[in-house]
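Accompanying notes for the structure given below.
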Amino acid sequence: MKKRKRDSSGFAVKDALIVALLVIIAVQGYWLLRRAKNKTEHRPRQTQLTSKRLGKIALIIDDSGYNIQDCDDLKSISYPVTISILPELTYSRDIAACARQYHKGVMLHLPLEPHQNADHYSKGYIITTVMSPQEVRKRFREEAASVPFIEGVNNHMGSAATEDPQLMALLFDQFKKAGLFFIDSRVTSKSICAPLAKRKGIPFAQRDVFLDNQKNREYIEGQFRELAKIARENGYAIGIGHARALTWQIIKEQTEKLSNEGFEIVPVAKLVQ
């Protein structure tokens, strides 16, 4: 009887060891599977973090208002570009309305005095440095009213105006009253807009790259590469192009390309400070 007890005890210990070993194997297998699942689940998040590191890009399309075709071009772009519309043109209101419908940003492309101008505009269309304060305020209100849904303003021409602190201070007061931001198109290296906007408390940013000063594909694609480089280095970049058929086509291509590379295409309103 004693020998039988020892045998039974020995089997019990052996069984317990086997059970313990199986439990250990099962637990280890469970944690290995859990770790593999976690890696798979977190992979998209890692891609998102990489995207944020590459930088944000905002695109402004200037000189809109002449051609209703701009509405179709805005609709064809899946990303939140911003259209900057010249005031008091045939299609200024219509394009602002369709931009709003297609969830694109709308800005007033405010005509300001240049040092030189070969184009013809009607009298009083361009706000100049010699206008009285009353006339400046009146013209701004009229031109802003002709483009509904505006969130901000950028300058059309304006090399002389954006060097003039008195005129720009007067305009910035109007922008602030209307709750508008200002993007300096940077048509002159002597612009006083950045420090003045800071003093006036105006949400502000400035253009990094003109995309289409030359009207050919190779040049414009090169400018997009420069824009991406700046965004990668600084965290963000603002590019300005114009409402032309080739520029529209390349913007459509490049927004897809840059987004796939990991850049975030944002409304310019998100980059003002």
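The values are calculated or read from the model by the stated rules, or taken from the named source; none is laboratory data. Quantities reported herein were computed from a predicted structural model and do not represent experimental measurements. With ideal geometry, Cβ positions are generated from the backbone for all residues, glycine too; neighbour counts draw on all protein chains shown.
Scanning the stretch 227-256 for residues that are touching a residue at least 24 places away in the same chain (Cβ under 8 Å), under 14 Å from Ile77 (Cβ atoms) and not small (Gly, Ala, Ser) yields Thr247, Trp248, Ile250, Ile251, Lys252, Gln254, Thr255, Glu256. The single residue among Glu151, Glu143 that is under 27 Å from the mean Cα position of the chain (by Cα) and over 23 Å from Ile238 (Cα atoms) turns out to be Glu143.
Screening the candidates Gln254, Gln223, Gln214 for the property of being of a type in the set (S, T, N, Q) and closer than 30 Å to Thr129 by Cα yields one hit, Gln214. His103 passes every criterion in (1) of a type outside the set (Phe, Trp, Tyr); (2) under 19 Å from Pro267 (Cα atoms); (3) surrounded by 14 or more Cβ atoms within 10 Å (Cβ to Cβ) apart from (3). Contact map, the stretch 187-202: residues that are without any contact (Cβ under 8 Å) to a residue 60 or more places away in the chain paired with residues that are in a helix (DSSP H, G or I) and aromatic (Phe, Trp, Tyr), Cβ distance under 6 Å, separation 6+ or inter-chain. Pairs shown: Lys200/Phe172; Ile202/Phe172; Ile202/Phe175. The residue list Ile240, Ile202 contains one member that is among the hydrophobic types (A, V, I, L, M, F, W, C) and in a loop (DSSP other than H, G, I, E, B), which is Ile202.
Looking only at the stretch 245-253, decide whether some residue is assigned to a loop (DSSP other than H, G, I, E, B), crowded, with 18+ Cβ neighbours inside 10 Å and among the hydroxyl-bearing types (Ser, Thr, Tyr). No. Of all the residues in the stretch 117-136, those that are modelled with pLDDT of 95 or more and out of contact with any helix residue (DSSP H, G or I) (no Cβ under 6 Å at 6 or more places or on another chain) number 8. Looking at the stretch 200-219, is at least one residue farther than 26 Å from Gly158 by Cα and out of contact with any His (no Cβ under 7 Å at 6 or more places or on another chain)? Yes, the stretch 200-219 has at least one match.
Only one of Gln273, Gln254 is at pLDDT below 95 and within 19 Å of the chain's Cα centre (by Cα). Can you tell me which? Criteria check complete, one pass: Gln273.
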